[in-house]
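Engineer: A single structure is presented below for examination.
Just so you know, all these numbers are worked out from the coordinates, no wet-lab data involved. In this text the structure is predicted, and so the values were computed from the model without any measurement. We place every Cβ from the backbone using ideal geometry, glycine too, and count neighbours over all the protein chains shown.
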Amino acid sequence: MAATAPHTTETPRPLRTPVSAVRQLFRLTRTELTLFHRYRTALYMAFMPLVLLLPAFSMPEAEVGPGILNTAYLVSGVPVLSAMTLAVLHMPNVYAARRETMVLKRFRVSGVPPVALFGATAVAVFLVTVVLTALIAALMAARFDTLPSDPLLLLLAVALTTAIVSMLGLVFTNLARNSESAQMISMVPFLLFFAISGTFVPTDLMPAPVATGVSYLPMLPAIDIARSAYFGVDTFGGLDGASATTGLDLWAAAAPSLLVLLVWLGISIYLLRFFRWDPRQAG
């Protein structure tokens with residue numbers, strides 16, 4: 001009788017637990033921050049609004065509101081402008097390069113959800129902007145002896161601006177074939193966002209219909225929230241008649257501007273449905 005080989009049963013390997021989107025978001029955010037450290041150009045971009053406003057420090061000081069100097073009023077909007085600058089110049093450049101090298105397709109095939117992928121870059125932009133905001137606050141404290149009256153509301157304005165412009169920046173990536181063209185294309189929305197921020201062209205100098213239209217776009221409401229949060233003054237109706245407001249009253253005054261930003265956040269997230277993952281679809 002032929003000997004029979006002993007029957008062995010292999011122990012089944014335990015199934016790998018899928019990594020949650022939240023953990024993937026944290027891991028990718030850490031990677032994005034490392035890339036930020038290496039990609040110094042992005043940091044230079046973030047300081048651009050402050051550099052553009054440096055000539056304002058040589059202006060004769062004048063009070064434009066209750067306890068608000070003209071130079072301090074201009075600089076208080078820089079955190080939002082920095083968030084916009086980083087998001088609109090960094091996102092198209094990075095994602096056009098990743099799409100061109102097929103990195104995006106590999107991420108998608110490997111099961112990384114878009115919320116973790118895009119969210120990680122946006123969170124990295126926000127964290128860098130928070131550091132810049134702290135530096136600007138230190139500058140304001142040293143130069144004007146003033147600190148943010150409502151830091152939470154200020155950071156909310158920065159966070160919403162980062163999210164909105166980051167998502168819109170991804171949409172602009174569809175127009176670029178590679179990172180070089182993305183750098184040139186992103187200058188168009190950058191200049192547009194600057195123009196509608198009310199920083200270099202105050203809304204008081206705009207025709208009434210234009211000023212009204214700009215107030216429904218994302219930049220001016222975010223700037224108004226940042227300035228009001230910084231000084232604890234209700235400036236949403238303009239500097240004329242602005243009054244000191246704090247606590248829940250300030251949040252109530254900011255509610256219409258916050259609503260505009262939330263609407264734009266929804267629009268920008270919806271537009272991500274048209275994001276192009278394949279380099280053959282771009283341009």
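Engineer: Relative to the present Cα-Cα distance, how much length would full extension add between Leu135 and Glu63 at 0.36 nm per residue of separation? It would help to have the intermediate numbers written out before the result.
Structural biologist: Numbers: separation 72, 0.36 × 72 = 25.92 nm, distance 2.36 nm.
Value of the extension gain: 23.6 nm.
Engineer: Relative contact order of segment 94-212, please, whole-number percent, based on alpha carbon pairs below 8 angstrom and at least 6 residues apart. Walk me through the numbers before you get to the answer.
Structural biologist: Details: 48 pairs, mean separation 37.5, N = 119.
Taking the mean separation of contacting Cα pairs over the length of segment 94-212, I get 31 percent.
Engineer: Please report the relative contact order for the chain, taking Cα pairs under 8 Å with a sequence separation of at least 6, and give it as a percent rounded to a whole number.
Structural biologist: Values: 351 pairs, mean separation 68.8, N = 283.
Result for the chain is 24 percent.
Engineer: Any chance you could give the angle, 0 to 90 degrees and rounded to 10, that helix 151-172 forms with the longest Cα principal axis of the chain?
Structural biologist: Once rounded, one gets 60 degrees.
Engineer: Report, in deg cm²/dmol and to the nearest 500, the calculated mean residue ellipticity at 222 nm for the chain, where each DSSP H run with n ≥ 4 adds -39500 (n - 2.57) and the sum is divided by the residue count.
Structural biologist: Numbers: 12 runs with 181 residues, N = 283.
Value at 222 nm, helices only, nearest 500: -21000 deg cm²/dmol.
Engineer: Under a GNM of the chain (C-alpha, springs under 10 Å), which listed residue has the highest mean-square fluctuation: Thr235, Thr146, Thr121?
Structural biologist: Its mean-square fluctuation being the largest, the pick is Thr146.
Engineer: What is the Cα centroid distance between segment 222-283 and segment 108-135, reported in whole angstrom?
Structural biologist: Rounded to whole Å, the Cα centres lie 19 Å apart.
Engineer: Please give the helix 179-195 orientation as an angle from the longest Cα principal axis of the chain, in degrees from 0 to 90, rounded to the nearest 10.
Structural biologist: 30 degrees
Engineer: Modelling each spin label as a point 7 Å along the Cα-to-Cβ direction, I'd like the Asn70/Leu205 distance in nm, to one decimal.
Structural biologist: That separation, rounded to one decimal, is 1.1 nm.
Engineer: Based on alpha-carbon centroids, what's the gap between segment 19-58 and segment 141-219 in Å, whole number please?
Structural biologist: 16 Å
Engineer: Distances over 25 Å make up what percent of all Cα-Cα pairs in the chain?
Structural biologist: Values: 20106 of 39903 pairs.
Of the Cα pairs, 50 percent sit more than 25 Å apart.
Engineer: If r is the Cβ-Cβ distance from Leu52 to Leu147 and R0 is 25 Å, what FRET efficiency results, to the nearest 0.05? Kindly include the intermediate steps, with their values, before the conclusion.
Structural biologist: Values: r = 23 Å, r/R0 = 0.94.
For Leu52 and Leu147, the calculated efficiency is 0.60.
Engineer: Between Val233 and residues 5 or more places away or on another chain, which pairs have amide H atoms under 5 Å apart, with H built 1.01 Å from N, and which residues are they?
Structural biologist: Counting only residues 5 or more places away or on other chains, the set is Thr245.
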